[in-house]
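Q: I'd like to ask some things about the structure below.
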Amino acid sequence: DANPLVIFTPSGKRGRFPVGTPVLTAARQLGVDLDSVCGGRGICSKCQITPSFGDFPKHGVHVEKTALSDWNAVEQRYEDKRGLTPGRRLGCQAMVQSDVVIDVPAESQMHRQVVRKRVEAREIVMNPSTRLYYVEVEQPDMHEPSGDLERLVKALRSDWDLPDLEADIGVLKMLQPALRKGNWTVTCAVHLGDATFSPRIMHVWPGFYDGSIYGLAVDLGSTTIAAHLCDLQSGEVVASSGVMNPQIRFGEDLMSRVSYSMMNAGGADEMTRAVREGMNALFVQVATEAAIDRNLILDAVFVCNPVMHHLFLGIDPFELGQAPFALATSEAISLRAMELDLNLHPAARVYLLPCIAGHVGADAAAVALSEAPEQSEELLLVVDVGTNAEILLGNTKKVLACSSPTGPAFEGAQISSGQRAAPGAIERVQIDPATKAPRFQVIGSELWSDDPGFEAAVANTGVTGICGSGIIEMVAEMRLAGLLDGSGLIGSPEQTGSSHCFLDGRTHSYLLWDGTALGGPKITVTNRDIREIQMAKAALYSGARLLMDKFGVDRVDRVVLAGAFGAHISPKHAMVLGMIPDCPLDKVTSAGNAAGTGARIALLNTDARRDIETTVHNIHKIETAIEPRFQEHFVNASNIPNAVEPFRILRT
Ligand code: FES
């Protein structure tokens with residue numbers, strides 16, 4: 001074949017094409033992932049490519065500078081208007097002249113990978129359910145009468161290979177003016193369909209629509225609701241924001257909300273209304289932050305625990321408050337945003353991830369989606385720490401899940417000087433093993449409490465209390481410094497040699513900070529605080545340990561700490577405390593808000609939705625409440641560290 005050879009990188013795909021073939025056409029024929037919204041009309045600039053020149057011994061070609069046709073008028077127009085990155089060409093305009101090597105930059109790939117910092121977690125590859133397509137539509141003809149919608153659907157079918165699309169009344173209303181204003185060209189946002197909805201046109205813009213469309217990844221927690229607004233073309237997070245869950249006024253924790261609905265007629269509806277209102281306020285907030293119209297939000301993915309799941313959908317959570325904790329449905333749910341009173345685009349879609357079990361919700365499914373234990377060769381333990389800890393253990397062979405009632409101590413609640421993580425809260429603690437003197441850092445300042453200038457640095461916030469990650473470090477440091485015995489008892493000043501220990505009623509407490517001279521509080525750790533942390537950590541450990549029993553192992557290869565709180569826990573201190581099973585410290589990582597990331601993955605990639613639906617079916621659920629081994633582990637795990645296994649960290 002004397003036709004020129006075209007080699008695409010990074011895919012390595014190659015083929016011979018006649019002189020004059022547009023690069024976009026060659027790419028499509030070879031199945032190279034090169035983006036296009038305008039279908040090769042030189043309007044969208046999504047098809048940018050970079051030709052390479054010189055010798056390519058590996059490929060056996062020499063590429064002349066003239067391997068592609070000259071810069072044409074369309075590219076010139078684009079350059080004048082917007083400027084093309086130096087070295088780039090429009091793939092739909094540049095034509096093959098001789099052998100050529102062409103690089104498709106990441107941003108020109110339709111299925112581009114959104115960068116994730118952690119290599120061991122799942123990749124995010126763009127494959128959104130809603131996309132933009134530009135088309136030229138035939139004009140109406142008296143001799144062959146047909147509707148504007150039918151001709152639009154025909155054009156989308158022939159140009160883009162789309163199935164026969166349906167359209168809502170909203171699209172029909174905007175279609176005729178858009179077609180005429182755009183001189184018989186329009187850009188359509190098309191939802192490609194799923195198990196619930198057939199493919200359909202969501203919106204039309206006259207001519208070429210130069211903007212983007214957006215989606216929301218929402219982590220609906222019992223305390224806070226966090227939303228990430230994502231560009232559905234680039235995958236970029238363009239704004240993130242959070243609000244307190246307005247349901248808090250009906251009860252701090254989930255069970256008190258379930259009992260509110262039991263005790264009050266219409267209580268569940270009241271809570272449903274409250275959470276949806278809060279959500280709408282949050283959507284206004286993120287759209288304002290990104291300076292976009294809320295009507296451009298066409299898709300939203302929600303992750304939440306089972307009680308929030310039911311209350312958000314308007315389902316009474318009564319059954320979740322009692323054994324056997326039956327969910328109304330554990331399957332994933334697709335519906336219209338309108339059905340949930342959400343103020344997004346009128347045709348916007350909503351997707352809720354499946355729940356794993358009555359105690360292990362769509363938030364845990366989202367963590368599984370983000371961390372992909374089912375794809376891990378190593379045995380992976382994922383712990384999402386909150387009021388309830390959701391725990392996953394698995395590898396490519398199988399995945400187990402349970403939830404464990406840790407209570408709110410890890411969030412700073414039920415701790416005498418505890419508080420939520422906020423500026424002024426102590427989050428890092430060190431105790432000198434020789435002098436037994438403490439030093440600490442508070443959220444909002446880089447300085448340690450014994451650094452010069454510390455008091456001035458925290459003058460605005462003060463030192464207000466100790467947050468969850470602070471209390472974990474505190475207890476672990478106290479144990480390492482010998483201020484605390486293995487049973488969790490704080491020693492006397494004589495026993496410990498520390499003047500920070502003092503008699504406080506019948507037990508001893510430890511004074512971490514006396515802020516009274518500055519008008520602030522005294523921050524102490526009492527024996528009751530230690531007890532609360534012991535209970536919480538024993539619950540967490542026992543859940544993990546139970547899953548290990550069921551798996552038939554006594555070691556895990558890797559531990560991932562998830563959740564906003566998990567992101568701040570020091571792995572070393574968590575292990576000293578015996579929160580998590582023994583594991584090499586360099587194998588303990590933090591995943592940040594993995595549930596939120598899972599929501600983002602499901603938003604940006606529809607295949608990931610199918611993946612997690614299958615994964616969840618295959619996860620084995622373990623109910624901690626009916627497992628006698630859980631209690632056994634719990635009793636053994638309340639010591640610091642646990643009595644059940646030696647901890648390497650204390651041996652070294
Ligand atoms: Fe749109 Fe080339 S495909 S500019």
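Q: Scan the stretch 87-98 residue by residue and report those that are of a type outside the set (Val, Ile, Thr) and touching a helix residue (DSSP H, G or I) at 6+ places or on another chain (Cβ under 8 Å).
A: Result: ARG89, LEU90, GLY91, CYS92, GLN93, ALA94, MET95.
Q: Identify all residues within the stretch 428-472 that are in contact (Cβ under 8 Å) with a residue 40 or more places away in the chain, basic (Lys, Arg) and more than 26 Å from GLY386 (Cα to Cα); write none if there are none.
A: Hit for the stretch 428-472 is LYS436, nothing else.
Q: Let me ask something additional. Could you check how many residues of the stretch 95-118 are part of a loop (DSSP other than H, G, I, E, B) and either within 20 Å of GLY12 (Cβ to Cβ) or of a type in the set (Asp, Glu) (or both)?
A: Residues that pass the stated criteria total 8.
Q: Would you please name the residue that is farthest from the ligand (Cβ to nearest atom), looking only at residues in the stretch 82-105 that are open to solvent by less than 20 Å² (accessible area, probe 1.4 Å) and aliphatic (A, V, I, L, M)?
A: If we take residues in the stretch 82-105 being open to solvent by less than 20 Å² (accessible area, probe 1.4 Å) and aliphatic (A, V, I, L, M), then VAL101 is farthest from the ligand (Cβ to nearest atom).
Q: Could you run through the stretch 150-166 and say how many residues are in contact (Cβ under 8 Å) with a residue 40 or more places away in the chain and open to solvent by 20 Å² or more (accessible area, probe 1.4 Å)?
A: Here the count works out to 2.
Q: Of all residues being open to solvent by less than 90 Å² (accessible area, probe 1.4 Å) and not in a loop (DSSP other than H, G, I, E, B) in the stretch 28-54, which is nearest to the ligand (Cβ to nearest atom)? Just the residue, please.
A: So, considering only residues that are open to solvent by less than 90 Å² (accessible area, probe 1.4 Å) and not in a loop (DSSP other than H, G, I, E, B), the one nearest to the ligand (Cβ to nearest atom) is GLN48.
Q: For the stretch 432-441, give me each residue that is hydrophobic (A, V, I, L, M, F, W, C) and modelled with pLDDT under 95. Can you show your working first?
A: Of the stretch 432-441, the ones hydrophobic (A, V, I, L, M, F, W, C) are 434, 437, 440.
Of everything in the stretch 432-441, those that are hydrophobic (A, V, I, L, M, F, W, C) and modelled with pLDDT under 95 turn out to be ALA434, ALA437.
Q: Can I ask one more? Could you grab me the full set of residues in the stretch 386-411 that are farther than 16 Å from PRO306 by Cα and buried (at least 23 other Cβ atoms within 10 Å of the Cβ)? Explain how you work it out, then say what you get.
A: The first filter runs over the stretch 386-411 and keeps only residues farther than 16 Å from PRO306 by Cα, leaving 392-400, 406-411.
LEU392, LEU393, GLY394, VAL399, THR406, ALA409, PHE410, GLU411, listed by residue number.
Q: From the list VAL303, VAL275, which one is part of a helix (DSSP H, G or I) and in contact (Cβ under 8 Å) with a residue 12 or more places away in the chain? Break it down stepwise before answering.
A: Working: VAL303 fails: part of a helix (DSSP H, G or I).
Result of the check over VAL303, VAL275: VAL275.
Q: A further question follows. Within the stretch 427-454, can you find the residues that are more than 30 Å from the chain's Cα centre (by Cα) and hydrophobic (A, V, I, L, M, F, W, C)?
A: ILE431, ALA434, ALA437, PHE440, LEU447, TRP448, PHE454
Q: Restricting attention to the stretch 7-18, does a residue exist that is surrounded by 14 or more Cβ atoms within 10 Å (Cβ to Cβ) and within 10 Å of the ligand (Cβ to nearest atom)?
A: No - not one qualifying residue is present in the stretch 7-18.
Q: Got a number for residues in the stretch 318-348 being touching a Lys or Arg at 6+ places or on another chain (Cβ under 8 Å), farther than 24 Å from ILE612 by Cα and either not in a loop (DSSP other than H, G, I, E, B) or not hydrophobic (A, V, I, L, M, F, W, C) (or both)?
A: Residues flagged as touching a Lys or Arg at 6+ places or on another chain (Cβ under 8 Å), farther than 24 Å from ILE612 by Cα and either not in a loop (DSSP other than H, G, I, E, B) or not hydrophobic (A, V, I, L, M, F, W, C) (or both) within the stretch 318-348 amount to 3.
Q: Within the group VAL114, VAL74, VAL101, which residue is touching a helix residue (DSSP H, G or I) at 6+ places or on another chain (Cβ under 9 Å) and outside the structural domain of ARG610 (by TED's automatic domain parsing)?
A: Values: VAL74 fails: touching a helix residue (DSSP H, G or I) at 6+ places or on another chain (Cβ under 9 Å); VAL101 fails: touching a helix residue (DSSP H, G or I) at 6+ places or on another chain (Cβ under 9 Å).
Unique residue meeting the criteria: VAL114.
Q: Turning to a different aspect of this structure: Just the residues that are away from the ligand (no atom under 16 Å from the Cβ) and surrounded by 11 or more Cβ atoms within 10 Å (Cβ to Cβ), please, taken from the stretch 55-69.
A: PHE56, HIS59, VAL61, HIS62, VAL63, GLU64, THR66, ALA67 - these are the residues of the stretch 55-69 that are away from the ligand (no atom under 16 Å from the Cβ) and surrounded by 11 or more Cβ atoms within 10 Å (Cβ to Cβ).
Conditions (1) under 17 Å from the mean Cα position of the chain (by Cα); (2) at pLDDT 95 or above; (3) assigned to a helix (DSSP H, G or I), marked per residue:
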| position | (1), (2), (3) |
| --- | --- |
| LEU175 | no, yes, yes |
| ARG180 | no, yes, yes |
| CYS188 | no, yes, no |
| PHE197 | no, no, no |
| VAL204 | no, yes, no |
| ALA227 | yes, yes, no |
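Q: Only residues that are closer than 17 Å to ALA364 by Cβ, over 21 Å from the mean Cα position of the chain (by Cα) and of a type in the set (Val, Ile, Thr): list them for the stretch 377-426, please.
A: Matches in the stretch 377-426: THR406 only.
Residue-wise test of (1) modelled with pLDDT of 95 or more; (2) touching a Leu at 6+ places or on another chain (Cβ under 8 Å); (3) surrounded by fewer than 22 Cβ atoms within 10 Å (Cβ to Cβ).
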position: TYR214; (1), (2), (3): yes, yes, no
position: GLY221; (1), (2), (3): no, no, no
position: THR224; (1), (2), (3): no, no, yes
position: LEU232; (1), (2), (3): yes, yes, no
position: GLU236; (1), (2), (3): no, no, yes
position: GLY242; (1), (2), (3): no, yes, yes
position: GLU252; (1), (2), (3): no, no, yes
position: SER256; (1), (2), (3): no, no, yes
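Q: Residue by residue through the stretch 529-583, note down the ones that are of a type in the set (Ser, Thr, Tyr) and open to solvent by 10 Å² or more (accessible area, probe 1.4 Å).
A: Within the stretch 529-583, just SER570 meets the criteria.
Q: Given the options THR288, THR272, name the one that is hydroxyl-bearing (Ser, Thr, Tyr) and touching a strand residue (DSSP E or B) at 6+ places or on another chain (Cβ under 9 Å).
A: Within the list THR288, THR272, the selection yields THR288.
Q: Being surrounded by 14 or more Cβ atoms within 10 Å (Cβ to Cβ) and outside any loop (DSSP other than H, G, I, E, B) is the filter here, so list the residues in the stretch 481-508 that pass it.
A: If the condition is that a residue be surrounded by 14 or more Cβ atoms within 10 Å (Cβ to Cβ) and outside any loop (DSSP other than H, G, I, E, B), then LEU484, ILE490, PRO493, GLN495, THR496, CYS501, PHE502, ASP504, THR507, HIS508 are the ones that fit.
Q: Could you check how many residues of the stretch 126-142 are open to solvent by 40 Å² or more (accessible area, probe 1.4 Å) and away from the ligand (no atom under 16 Å from the Cβ)?
A: 5
The values are calculated or read from the model by the stated rules, or taken from the named source; none is laboratory data. The structure presented is a predicted model; accordingly, all values stated were derived computationally and were not measured. Virtual Cβ from ideal backbone geometry, glycine too; neighbours counted across all protein chains shown. Remember, those area values only see protein heavy atoms, side chains included, never the ligands or the DNA or RNA. Shrake-Rupley method; radii C 1.70, N 1.55, O 1.52, S 1.80 Å.
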